[in-house]
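A.B. asks: Take this structure first; my questions come after.
None of the figures in this text is laboratory data; all of them are computed from the coordinates on show. Keep in mind that this is a model prediction, so the values were computed, not measured. Here the Cβ is made from the backbone with ideal geometry for all residues, glycine too, and neighbour counts use every protein chain on show.
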C-alpha cells in the first residue's frame, strides 16, 4: 500500500509541475499577481509530493520489499543497513528519483527564500524549472518507474555492485546531483531574464547564491568521487579521465566561469550576454552528463543504464531544452544592452580572460570525451582518448588559468594602472621562482615539468597572499590595523582567498603525485621487503576473515624508513558471494607530505601474493585543497550582499515589485 501511495505521489508531483509551468507564465504575461503566486505554492506541493515518493522507495529498500523490481535487482537482505539506504540511488530508477527530488528542492527553496526577487521574475524562474521537471517526471514514469512490481517476487535480491558498497556512495551521488541539478537554477534565471527582458546587477545578485550552492556541491561531489576511486578501486590513482568523470568536470569548469562572470554583471553591469550564455551552457553540460550516464553508450562503473530506448528519451529532452534555450537566446539577446564599459587593463578584462580560458579548457575536455562516441557512431571505428591527450591539451590551458587567477585580484575595476600591476606580478614571480628553486635544490626534486607545475601552484598561492596583504594595508600600517582590516573584509573576499589558496594546494598535490610517485608491483612471500621511494614495505602475513556479507583476505604490511617503523597497513581482498564479484580495499596511511599505499592482489597458489606498493606524495594536499575550494563557495554564500537586492541601473517595464 505504501508503495502504491509513493507511485501516486510521483504522479501528483508531475501534476504540480504542469501547473507550475503553465499558470505562472500566464500570470506574468497578463499581469495577474494571483497567477504568478501559484508558482510558490505549486513548487512547495511538488517537493512535498516527490519527497513522499522518495521516502516510500527508501522504505522499500530498508524492509527489503523484493516485490519491487528495483529492490530485487539492486538489494539483498544481508546488506548492512547503510547500503540498503544508499542502494536507493545506486541504480538507475532510484537515482533518477533523487534527480527530480533535487530539482524540486531547489524550486521549493527559491519559493521560500527568494522573496526579495520580484514576483514576475520569481514566477518565471519557477516555471522554467517546472518545465524541466515535467520532462523528467515523464521519463521516470514512462521508462524508469521505480515502483514497478514483479509478478513472482524472489526470496532474496541480487545484491548491489560491491564497488558501490562503500560509505562514500552515501554522499557522492547526492552531492553531485546538488551540483548537476542545482545548475538548473542558473538556466532558469537565464531564460527568465530573456523572457522578461531584465538583466542587471540585481538579477546577477539574485542568481549567484543558487549558483554558489550548486557549484560548492559539485566541487565536493567531484572531490569525494575522486577520493572514492583512489581508495576503493585499488589502482593508486585518483582521476582516470573516464567519460563519466569528465561529464561532471565540464559543468564545473563552465560553472566556475559563470560565477566569475556574474560578479562582473553585479559590479559593473557588463558581460550580460556572456553571462546568460554561460548559464545556459552550464546546465546544458549537466544534461549531457545525465545522457552519457543513462544512455547505455558508455561502459563504466559510474554508468547506471544500458537501455538505448531510455537514452533516446533523454536525448530528446536534451535537444528540446538546450535547443529551446539557445533559440530564445538568439532571438532575445539583441534586445539586451550592455551597461558598464571598461579598459583593457581592468578587473573586468581579467575575469573575461579567465572565462575564456575556463571555457576553452571545458571545450578540450568535451572534444576528448565525445569524439570517440561520435566517431564510432559515424564510422564504426572504436578509439580511446586517454590521459596523454588531456595532459597535452587541458593541463597547459588550466596552467594559464591559474596564472590569470593570480593576476586578476591585482587589477582594479574599470581601469587599472599597468605599471602597478606589472610591479606586483614581478614580485610574485620572483618569490615563486625562489621557492621553486628552493624545492629543486633543498629537497632534490628534478623533472622540469614537475617544477613548472610547482611554480604555477606557488604563483597562485603567493599572489593570493600578496593581494590579501595589500588589502590589509601592508606594509604601510601597523600589525593591529592590518589584522582589523583583514577580519573586516566581506565574506565574498574570504571566499576568493580561501578558494584560490585551496586551488593552489590541490594543484601542488596533483603535480607531486603525478610526477614524483614511486611504485612497485611484485609477487612476494611473507617476509619479503620492497623499497618504494624512501620507504621499505614488508608483507608479514595474510589471514582470512568474514564480514557482514563478504569473505575477505587481510594482509599485514609493515612500512619503515631507514629502519624506523612508520606505519602498519592492512589492505584487503574481498569476495561478495551474492554478487559473485571481488573488490579490493587499499591499505593507506596518510602523512603530511604523502600517502603510503598498499594493495593486496591474487594469490599464486604457492603461498605468495601479488602486491602493489605506492608512495604517493602530495595526495593529502589534494583532498585539503578540494575541501577548501568547496568551503570557499559556502563562505561566499554567507556574504550579506547576497541576501539583499541590488539597485537596478535602469527601469524595466516588465519588472514587478518584490513581495
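A.B. asks: Please report the relative contact order for the range 1-160, taking Cα pairs under 8 Å with a sequence separation of at least 6, and give it as a percent rounded to a whole number. Display every interim value, and only then the final one.
C.D. replies: Details: 255 pairs, mean separation 57.5, N = 160.
Over the range 1-160, the number comes to 36 percent.
A.B. asks: Only Cα pairs under 8 Å and at least 6 apart count here; give the relative contact order of the chain as a rounded whole percent.
C.D. replies: 14 percent
A.B. asks: Let me ask something additional. Using a basic spin-label model with each label point 7 Å from the Cα along Cα→Cβ, how many nm lie between residue 427 and residue 489?
C.D. replies: 1.5 nm
A.B. asks: Enter the Cα centre distance for the pair the range 4-25 and the range 321-346, rounded to the nearest angstrom.
C.D. replies: 33 Å
A.B. asks: Another question, if that's okay. For the range 322-470, what does the alpha-carbon gyration tensor say about shape, rounded, prolate or oblate, given a ≥ b ≥ c as the root eigenvalues, a/c under 1.5 as rounded, and a/b over b/c as prolate?
C.D. replies: oblate
A.B. asks: Also, I was wondering about something else. If each residue of separation counts as 0.36 nm, what is the full-extension length gain between residue 479 and residue 353 once their alpha-carbon separation is subtracted?
C.D. replies: Stretched out fully, the residue 479 to residue 353 stretch lengthens by 41.9 nm.
A.B. asks: Starting from 0.36 nm per residue, how many nanometres of slack lie between residue 592 and residue 367 once their C-alpha separation is accounted for? The partial results should precede the final answer.
C.D. replies: On the way: separation 225, 0.36 × 225 = 81.00 nm, distance 3.69 nm.
Residue separation times 0.36 nm, minus the Cα-Cα distance, leaves 77.3 nm.
A.B. asks: Output the relative contact order of the range 518-620, whole-number percent, from Cα pairs under 8 angstrom with separation of 6+ residues.
C.D. replies: 25 percent
A.B. asks: Still on this model: Sort 612-623, 315-326 for me by packing, meaning the mean count of neighbouring Cβ atoms within 10 Å per residue, highest on top.
C.D. replies: Most protected by this proxy first, the peptides run 612-623, 315-326.
A.B. asks: Over what distance in Å are the Cα centres of the range 131-171 and the range 559-597 separated?
C.D. replies: 33 Å
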